[in-house]
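Novice: This is the structure I want to talk about, given as C-alpha cells.
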Amino acid sequence: MSKKSKQKKIPQPETKPFFLEIHWEKFVIALLLVLPLIYFSSFLSADRMIAGSDYLIGGYPFEKWISEQEAMPLWYPHVFGGIPVLGSPVGGHLAPLAQLREIIPPQVVLALSFIIFFFLAGLGTYLYLKAIGLSPHTAALGAVIYQFIGNLSTTPAAGHAGRAASIALFPLMLYFIHKAITSKRIVYFVLTALTTAFAFYEGHFQITYYGLLLILVYVIYYLIVSRKEHSGKDIAQIIGYGLVSVALICLLMAAIWLPVLAGLGEAARGVERGYEYATSWAMPPLELVDLIIPTFSGILDKYWGMNSFKIHVEYFGVIAVLFAAFAVALCWHKRYVKFFAFAAAAATLVAIGGATPFFRIPYALIPGFKLFRAPALIFYLASFSMVVLGAIGFEHIFMKKTETRPKKLFVIGSVLIAVLILVALIFSLGGDSLARSMQEGMKDRLLPLWGTQAVQAKLANLKNNYSSLVGGAWRTALFATICLGLLYLSTRRKIKAWVISLLLIALALTDQLTIVSRFLPEAPPPEKYYAADDVTRFIKEKPGVFRVFPTPWYEHASDLYLLYHDIQSAGGYIPNPLRRYQEFIGAGQSVMFTPSNLVEHPGFLDMLNAKYLIAPTLPDDISPYDAPTRALIEQIRTYLLRFQPAFRGRRYTVYENPHAIPRVLMVHEYQVHAESEALEIMKSATYDPWRTVLLEEDPGVPHVETGDDLIPGTVRLQEYAPNRIVCETESQHHGFVVLADNWHPDWQVFVDGEPSKIYIANHTFRAVYVPAGTHQLVFKYLSKGFETGSVISIFALILALGILLLRSRIRFGRLPFMMRRSRHNSNDT
C-alpha cells in the first residue's frame, strides 16, 4: 500500500447554506404571488382596464348595472326581453370576489381576480407536487409553469375570469382530494368541497365539470393501484367521506343550482342538441403542433389560427414537454406517470372533438357530456398532466443521483434536440416551396369551414407569417439545448438543486411569457371607452319604459353598450337567453341575437315594445357603390319606410316606431293555441295584437263581445324595477293585461293583493286576467329556489366551517398530550 493511500482524507468543510435555501418555501409562496402582481400591475389603477373581448362587450356593463341597483336584482330586464340574473349554474354576482365591486371599481376587481387566480393556480400545483413526493425545488418549477400555461394566462384576452378561476382552482381541488384519500381525514374532504364550490361560484361550469371528471377517475385509479395498502374499512371510510363531500358541494351550490333548475326548461342552453353541436368549437388537430412550435397556427392569423372563435393558445412551454418525455421514457413504472400520461392523451383526444372516434365514448357514456359544446375547453387538463409529468421527469434527472443516469439522459436529450433541429432546418430550407405546399394542403380542409374569401386571406397570412414559423422552430430547439446544457452541468455537480430550479424557472418564464403576454390587451377607462355617442344621447332623453331595436347593421347590436347607458334593448349579449324569446325573434336554437322575425315581420317589433330603431345613416347617392352594396342599401331603405326618422346622426339614424305597443296593454279578446302554432299566427297579417292575445292555456273565462263600440281598458305603469312591476287598470269589461316581458315561472302576480295566475302570452310574454273595474297589479320576482337555496347554502357553509374548526381544535387540543406521551415513551425506551 502506498504512502499516499495511507494518508487520511482531509474532510471538506461544509458550506453554509444560502439564505434562499433555508427559506425556500417562503420564497416560493412569495414568488407565486409576486409574479401575477407584476404581470397585472398596470391594471390595478382605475384609469385603464383589461380589454378582454367578452368583458368589454358584456362583462363590464353588466357588472356596472348590478352595482347600481339598490337591492340585489334577480331579473335582468334590459336585454333579450328580460332574463333571470341567476340563469347560469355559476355564481355570477353572488361569487365571493364579486362582492369587492361594492368598494372597488369593477375593472380593478377583474385584475385582482386574475392575480388571485394565478396565485392559487401556482399554490395548488406546488402543494400537489409536494404531496406526491416531489422536492420543493421541483414543485416550484412546476407551479410557475402552470401559472402561465396558455389555457390560463391567455384568458384575459377575452376577459374570461370565470374560465381562469376553474383552471386555476383545479390543482388545489386535486391536492385536497389527494390528501383526503391518503390521510382519510374528513377535514380534507370538507376542504375539497369548499374549493369545488368556490370554483363553481367564481368559475366556468363546463371547465369545472371536466376537472371533477378527472378527479373522479383519479380517486378510482388510486384506490385500485393501492388496494393492497388499504383494508376494506379504509375503502368504506373513503367512500363515505367522499359522499359527504359530494353532498356538501350540492348544498353549498343550492343558492345557484335550485333557481337554475326551476327555469331549466326555459333556457336556450342546457338541452341536448346532437353530436355535431357537442363537437363544435373543438381544437383543430393541427394546432397540437403549437405545443412544440408556438407560432404554428398563428401563421394563419395573429391569434385565431385554425379556429376562428379562438383568442387564446394552449402552449405550456418547451420545458414541460421536454421533461415529460424524460418521465415517460425513464419513469414509466411510477403510478403517477402512467395516470397523467393517459390523462393527457384522453384530454387531448376529447379536445380535438370529432376528429377521432374517441369522442363518441364520453359522449355516449358520461352523464351530461353531450349537453356541452367547445370540447377544446378540456385541454387545460392535458396541460396540467404534462406539467406533472415534466415535474416528475425533472425530479428524476436533477434531484435523483444515480450512476446510470447520465448516459441514458444524454442519449434521450440528444435525440430530442436533433429532431427539433431537423424540423427547424426543414422549415428554413423549405422556404417558399414548403409554404406553398402547406397552403395547398390546408385549402381543401378549410374551405368548408370559412368559405373562399376567408380561406384566401388565411392562406395569404400563412405566406406572410412563414418567417415567424421558422423562428419559432429554432426558438424551441434553443430552449431544449439550454435545458440539456443545464443537465450536463448538473451531472458534473457544478450547480446546486435550488440554483437549477431558479434557472429553469427563469427559462420557463422567458419561454412562456414571450408567447402569452400578447394576450393581455389594454383599453381606456370605462367612462371613455363607453362614452355616449350622439344617437345614445338622443335616446336617453326620451321618457318612459320602452325597448330599442339595434338593427343588425348597428355596431352595438350584440353587445351591452346600450345597457351601460341604461337603455333597454331587444338584443344585446348574454350567454344564456330564454328559449321562447329566441324563437320569438327568429333565432331558433341559437343563443346569439339573430332577429330574423324582427326584420322579416315588423309586427313582432310592435309587440316587443320596440319604440325606436337604430340603423345606419344611408347615403342619398348610392352610385359610387358596387352592385351588392347598392342592393343592400335599397333593402335597408325599404325596410325602414315603415318607421319615422327621429334623429339623424353622423353614422347612425334613430327611427321611431309609431306602431309600437306599450309595455303594458289591456286587451279583451283571447285565443287558445298550442305553443307550436302561436308564432305562425302572429306572422299573419290578420292578427291584431292590440285586440287579441294568444294563450296556450284556456283561462276558463267568457269572451267579451267585441265591436266598434267597445271601449278598451287602460293600463298605467306606476313602477318598473328589476324585481317588481306595478300597474293600475281601469276598464268597463274584463280582459287581459299583457306585459311585453318574458314569462318565467318565478314571476308571480297579485291583483289587489290577491295572488293570480300569469299566462304565457304571444309565445313569450305574460298575461294576467283582470275583472272589470279599477285594479292594481303587482308583479314580483319571487324565486323560491333562490330563497330556499340561499338558506341551504348558508347552512352548508356554517356546517363546513364548523367541521374544520372542530377538527382543528381537537387536533391542537390533543397536541400537548401527544407530545407528553411521546416524551414518556422515549424515556421508557
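Novice: Rounded to the nearest 500, what is the 222 nm mean residue ellipticity of the chain from helices alone, with -39500 (n - 2.57) per DSSP H run of 4+ residues and division by all residues?
Specialist: Roughly -16500 deg cm²/dmol at 222 nm, from the helical runs in the chain.
Novice: Return the tail of the calculated pair distribution for segment 506-665, meaning the percent of Cα-Cα pairs more than 25 Å apart. Before the final figure, lay out each step's value.
Specialist: Values: 5250 of 12720 pairs.
The share of Cα pairs beyond 25 Å in segment 506-665 comes to 41 percent.
Novice: Which whole-number value in Å² is the accessible area per residue of segment 618-657, probe 1.4 Å?
Specialist: 66 Å²
Novice: Give me the log10 of I(q) over I(0) for segment 504-587 at q = 0.22, 0.24 Å⁻¹, as the Debye formula computes it from C-alpha points; what are the numbers?
Specialist: Once normalised to I(0) and log-transformed, intensities are -1.12, -1.22.
Novice: Let me ask something additional. Counting only Cα atoms, I'd like the Rg/Rh figure for segment 47-135, Kirkwood definition for Rh. Can you show the working numbers first?
Specialist: Values: Rg = 16.8 Å, Rh = 15.3 Å.
Using only Cα positions, Rg/Rh for segment 47-135 is 1.10.
Novice: Using R₀ = 56 Å, calculate the FRET efficiency as 1/(1 + (r/R₀)^6) where r is the Cβ-Cβ separation of E541 and S45; round to 0.05.
Specialist: Details: r = 33 Å, r/R0 = 0.59.
Step by step, r from the Cβ atoms, then E = 0.95.
Novice: R0 = 41 Å: FRET efficiency of S517 with F342, Cβ-based, nearest 0.05? Let's see the in-between values first.
Specialist: On the way: r = 33 Å, r/R0 = 0.79.
In this case the efficiency is close to 0.80.
Novice: Which entries of K130/K184; K540/K780; K683/K757; K26/K496; K179/K233; K16/K496 have Cα-Cα distances beyond 21 Å here?
Specialist: Pairs exceeding the cut-off: K540/K780; K683/K757.
Novice: Then there's this: For the ranges 428-435, 209-216, what's the packing order if you count other beta-carbon atoms within 10 Å of each residue, average per peptide, and put the highest first?
Specialist: So the order, starting with the most tightly packed, is 209-216, 428-435.
Novice: Take the Cβ-Cβ distance between S280 and E555 as r, set R0 to 25 Å, and report the resulting FRET efficiency rounded to the nearest 0.05.
Specialist: Approximately 0.45, to the nearest 0.05.
Novice: Separation of segment 612-691 and segment 338-414 by C-alpha centroid, Å?
Specialist: Centre-to-centre distance over Cα atoms comes out at 54 Å.
Novice: Report the full-extension gain for the segment L100 to V217: residue separation times 0.36 nm, less the Cα-Cα distance, to one decimal in nm.
Specialist: Full extension from L100 to V217 adds 38.5 nm.
Novice: Ignoring solvent entirely, what values of log10 I(q)/I(0) come out of the Debye formula for segment 614-714 at 0.10, 0.15 Å⁻¹ when each Cα is a single scatterer?
Specialist: Log-scaled intensity ratios, in q order: -0.50, -0.82.
Novice: Tell me, what ³J(HN,Hα) does each residue in segment 622-630 have, in order and in whole Hz, if you take phi through Karplus 6.51 cos²θ - 1.76 cosθ + 1.60 with θ = phi - 60° and put x for Gly and Pro?
Specialist: 9, 4, x, 8, 6, 4, x, 5, 4
Novice: Expressed as an acute angle from 0 to 90° and rounded to the nearest 10, what is the orientation of the C-alpha long axis of helix 497-516 relative to the principal long axis of the chain?
Specialist: The helix 497-516 is inclined about 30 degrees to the chain.
Novice: DSSP beta bridges in the chain, what fraction antiparallel, as a percent rounded to 5?
Specialist: Taking every DSSP beta bridge with both residues in the chain, the antiparallel ones total about 85 percent.
Novice: Between beta-carbons, use under 14 Å as the cut-off and find the net charge around L97, counting Lys and Arg +1, Asp and Glu -1.
Specialist: Details: positive: R101; negative: E63, E102, E202.
Neighbour charge sum, excluding L97 itself: -2.
Novice: On a full-extension model of 0.36 nm per residue, what is the gain between I681 and V415, subtracting their alpha-carbon distance, rounded to one decimal in nm?
Specialist: Going from the current span to full extension adds 88.6 nm.
Novice: While we're here: Which whole-Hz couplings ³J(HN,Hα) result when phi for each residue of segment 240-246 is put into the Karplus expression 6.51 cos²θ - 1.76 cosθ + 1.60, θ = phi - 60°, listed in order with x for Gly and Pro?
Specialist: Each residue's phi maps through the Karplus curve to give x, 5, x, 5, 4, 5, 5 Hz.
Novice: Taking 0.36 nm per residue of sequence separation and subtracting the Cα-Cα distance, how much length would be gained by fully extending the chain between I38 and D566, in nm to one decimal?
Specialist: Computed gain between I38 and D566 is 186.5 nm.
Novice: Here is a follow-up. Note down the relative contact order for segment 683-796 as a percent, whole number, built from C-alpha pairs under 8 angstrom at least six residues apart.
Specialist: Rounded, it is 27 percent for segment 683-796.
Novice: For Y76, what residues show an amide H to amide H distance below 5 Å, using hydrogens built from the backbone and excluding near sequence neighbours?
Specialist: For Y76, the qualifying residues are I83, V85.
Novice: Over the chain, what is the relative contact order in whole percent, taking alpha-carbon pairs under 8 Å and six or more residues apart? Could the numbers behind the result be given before it?
Specialist: Details: 1322 pairs, mean separation 123.0, N = 829.
The value is 15 percent.
Novice: Compute the distance from the alpha-carbon center of segment 450-519 to that of segment 209-263, in whole Å.
Specialist: Between the Cα centres of segment 450-519 and segment 209-263 lies a distance of 39 Å.
Novice: Moving on to the next point. In whole Hz, with x marking every Gly and Pro, tabulate ³J(HN,Hα) for segment 92-102 from phi via Karplus 6.51 cos²θ - 1.76 cosθ + 1.60, θ = phi - 60°.
Specialist: Going residue by residue, I get x, 6, 8, 4, x, 5, 5, 5, 5, 5, 6 Hz, with x marking Gly and Pro.
Novice: Another question, if that's okay. Per residue and in Å³, how big is the convex hull formed by the alpha-carbon atoms of segment 139-249?
Specialist: 100 Å³
Novice: Which distance in nm do the two modelled labels at Y488 and S183 give, with both placed 7 Å along the Cα-to-Cβ direction?
Specialist: Here the answer is 4.5 nm between the modelled labels.
Novice: Indicate the gyration tensor shape class of segment 428-575 (rounded, prolate or oblate), computed on the Cα atoms with a ≥ b ≥ c the square roots of the eigenvalues: a/c under 1.5 is rounded; otherwise a/b larger than b/c is prolate and the rest oblate.
Specialist: Because a/c hits 1.5 or more and a/b fails to exceed b/c, segment 428-575 counts as oblate.
Novice: Moving on to the next point. What Kirkwood radius, in Å to one decimal, follows from the Cα pairs of segment 674-810?
Specialist: For segment 674-810, inverting the mean 1/r across all distinct Cα pairs yields 17.8 Å.
Novice: Which of rounded, prolate, oblate describes segment 347-430, given a ≥ b ≥ c as roots of the alpha-carbon gyration tensor eigenvalues and a/c under 1.5 marking rounded, otherwise prolate only if a/b is larger than b/c?
Specialist: Numbers: a/c = 3.57, a/b = 1.68, b/c = 2.13.
Oblate, since a/c reaches 1.5 and b/c is not below a/b.
Novice: Residues with amide H under 5 Å of V672's amide H, sequence separation 5 or more or different chain, H placed in the peptide plane at 1.01 Å from N; which?
Specialist: It is L695, by chain and number.
Novice: List the relative contact order of segment 135-227 as a percent without decimals, with contacts defined as Cα pairs under 8 Å and 6+ residues apart. Numbers along the way, then the final one.
Specialist: Values: 62 pairs, mean separation 25.5, N = 93.
Taking the mean separation of contacting Cα pairs over the length of segment 135-227, I get 27 percent.
Novice: Let me ask something additional. Using every pair of alpha-carbon atoms in the chain, split the distances into 20 Å bins beginning at 0 and state the percent of pairs per bin, rounded to integers.
Specialist: Taking all Cα pairs of the chain, the binned fractions are 13, 40, 31, 13, 3, 0, 0 percent.
Novice: Could you look at the chain and say what percent of its accessible area is carbon and sulfur, using a 1.4 Å probe and all protein chains? Before the final figure, lay out each step's value.
Specialist: On the way: 22770 of 37310 Å².
Solvent-exposed carbon and sulfur of the chain make up 61 percent of the total.
The values are calculated or read from the model by the stated rules, or taken from the named source; none is laboratory data. What you see is a predicted model, and the numbers here were worked out from it, not measured in a lab. All Cβ positions, glycine included, derive from the backbone under ideal geometry; neighbour counts span all protein chains shown. Note: accessible area is taken over every heavy atom of the protein model, side chains too, but ligands, DNA and RNA are not part of it. Shrake-Rupley method; radii C 1.70, N 1.55, O 1.52, S 1.80 Å.
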